[in-house]
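Read the structure below first, then the notes.
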Amino acid sequence: MNIHEYQGKAILKSFGVRVQEGIVADTVEQAVEAAKKMKDDYGSDWVVIKAQIHAGGRGKGGGVKLAKNIEEVKERANAILGMTLVTPQTGPEGKLVSKILVAQDVYYPGESATKEFYMGVLLDRAKGRNIIMYSTEGGMDIEEVAEHTPHLIFKEEIDPKVGLQGFQARKIAFNLGLSGNAFKEMVKFVAALYKAYDATDSAMFEINPVLKTSDDKILAVDAKVNLDDNGLFRHPDFAALRDEAEEDPTEVEASHSNLNYVKLDGNVGCMVNGAGLAMATMDIIKIAGGEPANFLDVGGTANAQTVKAAFNIILKDPNVKAILINIFGGIVRCDRVAQGVIDAYKEIGNIPVPIIVRLQGTNAVEAKKLLDDSGLQVKSAILLKEAADRVKEVFAA
Ligand code: GDP
Ligand code: MN
């Protein structure tokens, strides 16, 4: 689950990571109040107005703007709130901005003495370990740094048995070219950042830029945080951090029905139990000459309710020309699933596309008979090959 920069910074702060301070606002009036408070608390007249969306590259897209006085705060907040921000990470359709962060200008009183670094904590799947990836080249696109100057990216592997060691934090500070107070600050920063990542069961904490201020403080100017969905049950309070407006509406609806749904660009909708079978089904569709319109894993319970929810979600996609249901009845009995399909079909009424149902496993024969006798526009199959042939027939017709 992705969260906003302001939420990520709140987590970081709670673990003792120094951050660029800010106050979130969703109206121009709130932004003005926030800017006044930032001046009272931190002294500087200047603030940065930062669009809060679940995508990076906001600066490039015009979603991060400096304001030097209250007039400019009004002007910038007004321009950014409600804008559709397009960044290299949002796709061409962009994202609607409904919240801004009014943050202290941490580059003040001049950028000459500041230095930007990159730091990310993430899981290296190949190594099976968490790593801290860092670079002297902060503030810019890390993918570009990786492509053009890969020798400027360093990696520190964390041994899960002992966690981050003091010498590793010092090595990072040293490799970033720091000394004196900035060195000490960086050591503390790295330790607190790693602790935040570890304790929240995160999948990624990316801080770009990490800033060395003109008075040698080290702080997080940005925070891109991805919390591991599989760890969320251990952090019930994180549920409040979810912003469904940032997610694909159909995928949100699917998640409320406990369906694992990913939209794709093809024309054959699929409803399958188990991720492996779902992938095999997508292959079968391709072999039959179609393209999968989605990945959909209904999980262990393929009853009328889940099947109905799945139908409704698949049918939202106007590209769908046929639906292939491929369910293996191991724990769940095929005749139960067939009845679920029939009940869901009748409840929805007119389904405008042909349905191909392949049920294999316990009571597969009974299931096929139920479907064949139902009088519905359902083509049944037991073998995968038969199912593929039925899909082919749809495209031949
Ligand atoms: P991103 O573009 O989505 O990664 O958003 P960031 O939070 O990283 O901000 C983008 C850029 O805005 C940073 O790389 C900085 O160069 C700039 N920026 C952020 N905060 C400040 C600030 O307090 N003062 C100034 N002058 N620039 C800032
Ligand atoms: Mn950034």
*Please turn the phi angles of segment 163-174 into ³J(HN,Hα) values with the Karplus equation 6.51 cos²θ - 1.76 cosθ + 1.60 (θ = phi - 60°), one per residue in order, whole Hz, x for glycine and proline.*
x, 5, 9, x, 5, 6, 4, 5, 4, 4, 4, 5
_Binning at 10 angstrom from zero up to the longest distance, how are the C-alpha pair distances of the chain distributed in percent?_
5, 19, 23, 19, 16, 12, 6, 1, 0
*For segment 1-156, calculate the relative contact order in percent as a whole number, restricting contacts to Cα pairs under 8 Å that are 6 or more residues apart.*
21
*Would you mind checking the pairs Lys188/Lys217; Lys13/Lys217; Lys263/Lys286; Lys9/Lys161 and listing those with alpha carbons more than 18 angstrom apart?*
Lys9/Lys161
*Leaving out ligands, DNA and RNA, what percent of the accessible area of segment 252-397 is carbon and sulfur, probe 1.4 Å?*
54
*Quick one: with all protein chains in place, what share of the accessible area of segment 9-137 is carbon or sulfur, to the nearest percent (1.4 Å probe)?*
50
_Whole-Å distance, taken between Cα centres, linking segment 154-181 and segment 190-217_ = 12
*Sequence-distant or interchain residues sharing an amide H contact under 5 Å with Glu21, placed H: which?*
Gln104
_Probe 1.4 Å, accessible area per residue of segment 21-104, Å²_ = 48
_Note, ³J(HN,Hα) from phi for segment 50-58, Karplus 6.51, -1.76, 1.60, rounded to Hz, x at Gly and Pro_ = 10, 4, 9, 9, 7, 6, x, x, 5
*Cα centroid distance between segment 346-397 and segment 62-134, in Å?*
50
*Based on DSSP H runs of at least 4 residues, each adding -39500 (n - 2.57), what is the mean residue ellipticity at 222 nm of the chain after dividing by all its residues, to the nearest 500 deg cm²/dmol?*
-11500 deg cm²/dmol
*asked:* Taking 28 Å as the cut-off for C-alpha to C-alpha distance, list the pairs among Lys99/Lys308; Lys321/Lys346; Lys65/Lys184; Lys60/Lys195; Lys95/Lys224 that go past it.
replied: Lys99/Lys308; Lys65/Lys184; Lys60/Lys195
_Amide hydrogen neighbours beyond the local backbone of Asn267, cut-off 5 Å, H modeled_ = Glu291, Ala293
*asked:* Compute the distance from the alpha-carbon center of segment 1-39 to that of segment 252-325, in whole Å.
replied: 39
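The values are calculated or read from the model by the stated rules, or taken from the named source; none is laboratory data. The structure displayed is predicted, hence computed values, not measured ones. These area figures cover heavy atoms from the full protein model, side chains too; ligands, DNA and RNA do not enter into them. Shrake-Rupley method; radii C 1.70, N 1.55, O 1.52, S 1.80 Å.
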